[in-house]
Structures are given as C-alpha cells and as structure tokens.
Amino acid sequence: MAAAVTDLDRAPVAFGRWAVPQLFSELQQPEAARRLPALASLCDLMHDPERLYETVNGGFLEQLKVLLQDEDPSVRRKTCELLHLLTAHSIGRRALLASSLLPPLSELLDDSSSSCRRNVLQVLNRLAELPAGAAALLTLVPKLMLTLRQEEEDEEEEELLLSTLSCCSKLNALPALASDGVSLLGHKLSHSSPNIRREAAAAMMELSVPLDGKRQVCELQVLPVLVGLLQDEDAEVQTNAAGVIMNTVIITAGKLQCLDLHVIPVLLQLLSEKQEKEEERRRRKALVLYSLRALTALAEAPVGRRLLLEQLPVLVRRSEEEDQDIQQAAQTAIGVITWTP
C-alpha cells in the first residue's frame, strides 16, 4: 500500500520496510522521469536513521554506481545528494568506503553542475574526516590538487577542497607535496575570504611537517605571507599560520628567514595579548602554544636568543599560568633562551 503523494516531484513511498526496496526498484527504470522522483523520495527517507540503516545493510548502495554515470545531469546530481545524506552517519561513511562507488564519484569532480560538484566534495570531505577515509582518498590527492588549481569562482567548493586536502595530508603529506601543494596553497593564503585563508593555512601546516615540506615553504617564499597572517583578523588563520611557522623554524633556513622577517616581536605580541574570558583563552590556546614553540626554536639561533633574553618577562608570565600545557611550553622556552654552555 502506498502513502499519499504530497509532492509531484516525488515517487509514492510504500509502507514500512517495503519503502526502500520499492524505491530502489524504481531506480532501475530506463526513464529518467521515473528515476528522479524515486531519488527525491529516497533523499527524504535518508533523514530517518532506520531507513538509512536499511539502505546500507540491504545491499542497495552498489545500485547507485550506474546512476553516478547517468547521461542525465539531474540524475547524477540527485544521486550525489543521496550519498551526501548517507554520509551524514558513520554507518553510511563506512559503507561507502567499502563499496566500489569512489572511482565514479571522483569523476564527478569535473561535472558541469556546480551543485553536483559541491555534493561530491561534501561527501569526500566527510569521508576524509575518518582515518580510513583519508587513506582511501590519498590516491585522489593529485586530482584534488588539479581541481583546486582550476577552481577560482566558488568559495564553498574551494573551502571543501582545502579541508579535504588538509585531512588527507594529516595522514600523509607526501602526495600533496609531490603535486606542487606548497606553491598552490601559498597562493590561497592571500585569498580575500577568511574561510579560504583558514583552510589553506591548515593544509599548509600539514605539508610543513615533513622535512621536504619545510624546505619548500622556505624556498617558495611562503614565510613572508605567513608572518603577515599572524596579524590576520581571524584567530584561526593566525593559529594555523603560527603552526606552519612553528614547523618550519625547526630547520636552519626557516629560522634565518623568520628572523629576517622580524617574526619574534609579532609572536611576543600574540603572547602579550590578555584574554579575560575563559572561553577566549581556550580558543586561543593553540595559538599561544604554537607561538611559544616557535620562539623556542628561534632561541636556538644566537640572534634569536639575544632578542628573547630582553623579553623574558613576557615568557615568565606565561610560565605562571594555570594551564599546564602553556606553563610547560613557556618553561621550555625560558630554559632554551637562558641556557649557557
């Protein structure tokens, strides 16, 4: 028995446990005019965890593969929307990773429909948040980089691409580094949108973990932009920029460039800013830690040590904070600065 149809763009939905099988049988019909309403109704049902569970565990997911390659752009778009809804739940993400849908899904990164591309990117981004998902997407990193290079208009798509690349690079930065990632992300650091700057700096922080990434950050003159971002209006942009600097000043070239860029006064200023509210202190904790660790590395250079010896009171105040992580980081910095042979 079918439920009453309340929307002409949707297919009638059978009662109870027959709903999902009935709609998937409609998807096998050759006419797009029948597949589209069935997809719309399935999208509605995916808001119900019980129906989503039935879809995943009923072996229906593989049937979507052919729809991702459908000639009708509306069918492709709606199928991607369905997958986006499925991946809102962990069971849907795990099922998608275990399926054969990733290759045809990734082909739609070049789809003519912006809404289709956006749904694909949202699906990939949700998958990348899982370690297993990030591992599965590593082979796609070169394609994601190419897509990012071509993407200049849609900020939401850029943001999703950068976030996905950041998740993948956290697991393994080498594929992105091999795809000219430092250069490409370096250009995004100057974007007018704080969301793009934030995600680009977050991805750059992951790329600056390996030694080759540190070298590229220095060689490609990314540090001047990052030092400028330490004074960005967005606190997360500041934090991510400080993270890249923290990673890069570990090597000699990074230390020398940052000292030439007069980064020490900027980092000290970040440490000097007082946050009265507990929420604000928690939000800026990572920024304070990254700044302290960067200063610790810079103190290993004679010039850096001389400059920081004059500013010990700032670090001493931080070493007296209640937060044990900040306290320990400040004490380590003081130990390096005041060390004598």
Exercise for the section: Please specify each residue of segment 235-255 satisfying the condition of being within 13 Å of Leu295 (Cβ to Cβ) and among the aliphatic types (A, V, I, L, M). Expected result: Ala242, Ile245, Met246, Val249, Ile250
Practice task
Scan segment 53-79 and report the pairs whose first residue is on the phi > 0 side of the Ramachandran plot and whose second residue is surrounded by fewer than 15 Cβ atoms within 10 Å (Cβ to Cβ) and of a type in the set (Phe, Trp, Tyr), with Cβ atoms within less than 8 Å and a gap of 6+ or a chain change.
Solution key: none
Exercise for the section: Considering only segment 246-308, give the helices (runs of 4 or more DSSP H) lying wholly within it that have at least 3 residues that are within 24 Å of Gln221 (Cα to Cα). Expected result: 252-260, 263-272, 285-298
Practice task
Please identify the pairs in which a residue from segment 30-41 that is closer than 19 Å to Lys65 by Cβ has its Cβ atom under 6 Å from the Cβ atom of a residue that is modelled with pLDDT of 80 or more and not in a helix (DSSP H, G or I), counting only partners at least 6 apart or on another chain.
Solution key: Ala32/Asp72
Practice task
Give, as residue ranges, the helices (runs of 4 or more DSSP H) completely inside segment 45-113 that count at least 1 residues that are more than 21 Å from the chain's Cα centre (by Cα) and hydroxyl-bearing (Ser, Thr, Tyr).
Solution key: 49-57, 73-86
Practice task
For Lys285, indicate whether it is surrounded by 14 or more Cβ atoms within 10 Å (Cβ to Cβ) and within 19 Å of Lys214 (Cα to Cα).
Solution key: no
Exercise for the section: Look at segment 220-245 and say how many of its residues are of a type in the set (Gly, Ala, Ser) and in a loop (DSSP other than H, G, I, E, B). Expected result: 0
Practice task
Give segment 192-217 a look and list any residue that's of a type outside the set (A, V, I, L, M), over 17 Å from Ile245 (Cα atoms) and either surrounded by 20 or more Cβ atoms within 10 Å (Cβ to Cβ) or in contact (Cβ under 8 Å) with a residue 24 or more places away in the chain (or both), or say none.
Solution key: Ser193, Pro194, Asn195
Problem - Looking only at segment 85-121, and only at residues there that are buried (at least 21 other Cβ atoms within 10 Å of the Cβ) and polar (S, T, N, Q), the one that is nearest to Leu165 (Cα to Cα) - result: Asn119
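Let's see how each residue does on (1) among the charged types (D, E, K, R); (2) within 25 Å of Glu233 (Cβ to Cβ); (3) not in a helix (DSSP H, G or I):
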| residue | (1), (2), (3) |
| --- | --- |
| Gln122 | no, no, no |
| Ala135 | no, no, no |
| Lys143 | yes, no, no |
| Leu148 | no, yes, no |
| Glu157 | yes, yes, no |
| Leu161 | no, yes, no |
| Lys170 | yes, no, no |
| Ala200 | no, yes, no |
Practice task
Tell me which residues, restricted to segment 240-257, are among the β-branched types (Val, Ile, Thr) and surrounded by fewer than 22 Cβ atoms within 10 Å (Cβ to Cβ).
Solution key: Ile250, Ile251, Thr252
Problem - Filter pass, Val217 being closer than 30 Å to Gln231 by Cβ, modelled with pLDDT of 95 or more and not in a helix (DSSP H, G or I) - result: no
Problem - Residue pairs meeting the criteria (Cβ under 6 Å; at least 6 apart or on separate chains; first crowded, with 16+ Cβ neighbours inside 10 Å, in segment 258-275; second not in a helix (DSSP H, G or I)) - result: Cys258/Val249; Val266/Leu230; Leu268/Gln311
Exercise for the section: Give the residues of segment 268-300 that are within 13 Å of Ala333 (Cα to Cα) and of a type in the set (A, V, I, L, M, F, W, C), sorted by residue number. Expected result: Leu268, Leu271, Val288, Leu289, Leu292, Ala294, Leu295, Ala297, Leu298, Ala299
Exercise for the section: Considering only segment 172-189, state which residues are crowded, with 19+ Cβ neighbours inside 10 Å and outside any helix (DSSP H, G or I). Expected result: Ala173, Ser179, Leu189
Completion exercise
All conditions in (1) modelled with pLDDT of 95 or more; (2) surrounded by 16 or more Cβ atoms within 10 Å (Cβ to Cβ) are true of Leu148 except (1)
Completion exercise
Contact list, first residue from segment 236-248 and within 10 Å of Arg198 (Cβ to Cβ), second anywhere and of a type in the set (Gly, Ala, Ser) and surrounded by fewer than 24 Cβ atoms within 10 Å (Cβ to Cβ), beta-carbon distance below 6 Å, six or more apart or interchain, is Thr239/Ala286
Handout entry: Criterion violated by Val237 - all others in (1) more than 20 Å from Ser163 (Cα to Cα); (2) buried (at least 17 other Cβ atoms within 10 Å of the Cβ) satisfied
Key = (1)
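The values are calculated or read from the model by the stated rules, or taken from the named source; none is laboratory data. Just so it is clear, the model here is predicted, and its values are computed rather than measured. Neighbour counts run over all protein chains shown; Cβ positions are idealised from the backbone, glycine included.
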